[in-house]
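The values are calculated or read from the model by the stated rules, or taken from the named source; none is laboratory data. Because the structure is a prediction, the values reported are computed rather than measured. A quick note on method: Cβ atoms are made from the backbone with ideal geometry, for glycine too, and the neighbour counts reach across all protein chains shown. The protein model used for the area step is the full one, side chains on, heavy atoms only, and it has no ligands, DNA or RNA in it. Shrake-Rupley method; radii C 1.70, N 1.55, O 1.52, S 1.80 Å.
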Amino acid sequence: MTAKPYEVAVRAEAELGEGPTWDAAAGRLIWIDILGSQVHTYDPSTGRRTVRRTEQHVGAVKPRAGGGLVLNLRDGIGLLDGDADGGGFRWLHHEPVPGRRANDAAVAPDGTLWAGTMRYDEAPGGGSLSRVAGDGTVDVVLDDVAVSNGTGWSPDGRLLYYIDSPTRRVDVFDYADGRVSGRRTLAAIEDGAGFPDGLTVDADGCVWVALWQGSAVRRYTPDGELDRVIELPVPLVTACAFGGAGLSDLYITTARTGLSEPPALAGSLFVVPAAGKGLAQPAFAG
């Protein structure tokens, strides 16, 4: 019998597990349940877990350079001055839009937060990707998005990878001084293989893509060639990130929302030990 490449890191029933992020300062993984309005942490060295509820749907959570967390929330960008275990909350940028919620986000090499949004009905053009500075200044980068999802940078910081899920593409931009240009396709996901969701970039510049309704994570080379597939026992695979000692373990979030008969492990957090070598992620400069 062939050994499975994955392990179950945290058996859970997250409605929409998402956004795994390695918090190097705390030595733990942060991940979220968007529709469950929860921020989860997991320390792989001790097995310790925490869960903190947010007041509204949360699309992403990232560490801050000075301590605490930044949250991409339904109604804007919030700050926790403590961490996922406690601490006071305040808004950095508050801009409610009826029918819209936050989705995936990532921190750029310069410490800005690139925060995505989408409409609950996933209407084309209803979402955006914005650059949020530490002082709360928001600049819209892309304003014609349906489901803003995976965002990440090449090891040299000169390329931005981005996913608007319904396009079934992983796109790449040239990136310099907080601006993007030259949008083109890195990889297209064929019919029947699911929709691209979250992504992460490894130290070799390869792009790992989670496939919603595809039961898998794929790795694409910097030239857009598919060179690895990790199959999982659940259909709704949402995002992935490297963490653990040496950033060698690949953590994968999953969901169970909308499934009439969810598999037993749907909504759990998976890990692929020694999957590769990740990149250290910058913290939000705010």
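Of note:
- Out of A285, A245, A280, one residue alone is open to solvent by 30 Å² or more (accessible area, probe 1.4 Å), at pLDDT 95 or above and over 17 Å from W31 (Cα atoms). It is A285.
- When R158 is tested against the conditions (1) closer than 19 Å to P109 by Cα; (2) surrounded by 14 or more Cβ atoms within 10 Å (Cβ to Cβ), the lone failure is (2).
- Criterion violated by G111 - all others in (1) of a type in the set (G, A, S); (2) crowded, with 19+ Cβ neighbours inside 10 Å; (3) not in a strand (DSSP E or B) satisfied: (2)
- Any hit, the range 70-89, residues being surrounded by 15 or more Cβ atoms within 10 Å (Cβ to Cβ), of a type in the set (K, R), without any contact (Cβ under 8 Å) to a residue 60 or more places away in the chain and outside any strand (DSSP E or B): yes
- Qualifying residue in the range 169-179 (condition: in a strand (DSSP E or B), within 13 Å of the chain's Cα centre (by Cα), surrounded by 14 or more Cβ atoms within 10 Å (Cβ to Cβ) and of a type in the set (A, V, I, L, M)): no
- Matching residues, the range 150-168, being farther than 24 Å from F242 by Cβ and assigned to a strand (DSSP E or B): none
- Against the test of being open to solvent by less than 50 Å² (accessible area, probe 1.4 Å) and part of a strand (DSSP E or B), the options G214, G182 yield a single qualifying residue, G182.
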